[in-house]
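Take a look at the structure set out below.
The values are calculated or read from the model by the stated rules, or taken from the named source; none is laboratory data. Note that the structure is a prediction, hence the values are computed from the model and not measured. Every residue, glycine among them, receives a Cβ derived from its backbone with ideal geometry; neighbour counts consider all protein chains shown. Heads up: the accessible areas ignore ligands, DNA and RNA and are worked out on the full protein's heavy atoms, side chains in. Shrake-Rupley method; radii C 1.70, N 1.55, O 1.52, S 1.80 Å.
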Amino acid sequence: MELIEEANRHKEIPYFVILDEMNLSHVERYFSDFLSHMETPDTPFELEGYTRRLDYPENMFVVGTVNIDETTYMFSPKVLDRANVIEFKPQKEDVFKVFSAAGTVGKMVPVNDGSAQAFLKLAKEIRTGKFAVDEDLTHYYTDVDGDFTGSNLDYVEGVFSDIYEIVQKYDFEFAFRTVKEIRNYIAAAYELLEKTEFNLNQIIDEQLLQKILPKIHGNKKEIGQMLEELTGLCDKYSLVLSKKKIEQMKGKLAKVQYASFI
């Protein structure tokens, strides 16, 4: 609460709330007010015994870390709709480096002056609808059906329309909030990357992996055919990261007849 008050007093800089191991309890049970206020920031919090107005600050950002084991809880669709899920899996060679370099920690380097303010400025612009991706229409994409030469936004809509057609058949369709989050992610990626590095297929791949696949779970009859169809879609659009994850889910499905994102 003190951080929220301070963030409201200093709206020109961003504040970050980091919730370590946030799924040791059901996230919805302690975080539901925050999830709601993220979408209705003009509505103040109502706290018993708190007499002043407490607004959800636009300059506050929430990051959570989770582990998945028998002591933790999985996320509900309500939480997943409002988040990007980023999975970290260490490579074998990195794990075994600890034997020879135990106890070493990389030096922390502060960001350049003005980075925090620039981050907040971009976040506000994206939230209010900035989408400069279509200002440069020199990007052309090829899939197995031939060349696509429409706008970048038309291409994104076409790919996710294909994804929607697949997942809808198995009751995993997504709605307005997910599409809005995907659009914002693409807009932010375009602003942050050098234009020579911006690859729309790669950004679409990241959003299929981070926004759509985490909600998929079930037994072989429920999701087996869907995963096969999504594999074909990944091949069509060269979505490498998503295909790798789907193959992992298919492998688990074959072994234990049930699979989920994690």
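If the condition is being of a type in the set (A, V, I, L, M), modelled with pLDDT under 95 and open to solvent by 10 Å² or more (accessible area, probe 1.4 Å), then the stretch 190-225 contributes Leu192, Leu193. The residue of the stretch 17-63 that is most open to solvent (accessible area, probe 1.4 Å), among those that are in a loop (DSSP other than H, G, I, E, B) and among the polar types (S, T, N, Q), is Thr51. With respect to being in a helix (DSSP H, G or I), among the hydrophobic types (A, V, I, L, M, F, W, C) and either in contact with a helix residue (DSSP H, G or I) (Cβ under 9 Å, 6 or more places away or on another chain) or exposed (fewer than 12 other Cβ atoms within 10 Å of the Cβ) (or both), Val79 fits the description.
Would you check if there is a residue in the stretch 91-105 being under 29 Å from His10 (Cα atoms) and surrounded by 10 or more Cβ atoms within 10 Å (Cβ to Cβ)?
Within the stretch 91-105, not a single residue is under 29 Å from His10 (Cα atoms) and surrounded by 10 or more Cβ atoms within 10 Å (Cβ to Cβ).
Regarding Gln248, is this residue of a type outside the set (Phe, Trp, Tyr), out of contact with any helix residue (DSSP H, G or I) (no Cβ under 8 Å at 6 or more places or on another chain) and surrounded by fewer than 17 Cβ atoms within 10 Å (Cβ to Cβ)? Spelling it out, Gln248 is indeed of a type outside the set (Phe, Trp, Tyr), out of contact with any helix residue (DSSP H, G or I) (no Cβ under 8 Å at 6 or more places or on another chain) and surrounded by fewer than 17 Cβ atoms within 10 Å (Cβ to Cβ). Each residue in the stretch 110-129 was checked for being among the hydrophobic types (A, V, I, L, M, F, W, C), open to solvent by 50 Å² or more (accessible area, probe 1.4 Å) and either closer than 15 Å to Glu191 by Cα or touching a His at 6+ places or on another chain (Cβ under 7 Å) (or both), and 2 pass. Can you name the condition, by its number, that Met74 falls short on among (1) modelled with pLDDT under 85; (2) loosely packed, with under 13 Cβ neighbours inside 10 Å? The one condition Met74 does not meet is (2). With respect to the conditions (1) within 17 Å of the chain's Cα centre (by Cα); (2) in contact (Cβ under 8 Å) with a residue 24 or more places away in the chain, Thr72 falls short on a single one, namely (1). On inspection, Lys107 fails the criterion of being among the charged types (D, E, K, R), within 20 Å of the chain's Cα centre (by Cα) and more than 27 Å from Met1 (Cβ to Cβ). Could you count how many residues in the stretch 219-262 are closer than 19 Å to Ile86 by Cβ, in contact with a strand residue (DSSP E or B) (Cβ under 8 Å, 6 or more places away or on another chain) and touching a residue at least 40 places away in the same chain (Cβ under 8 Å)? The qualifying residues number 2.
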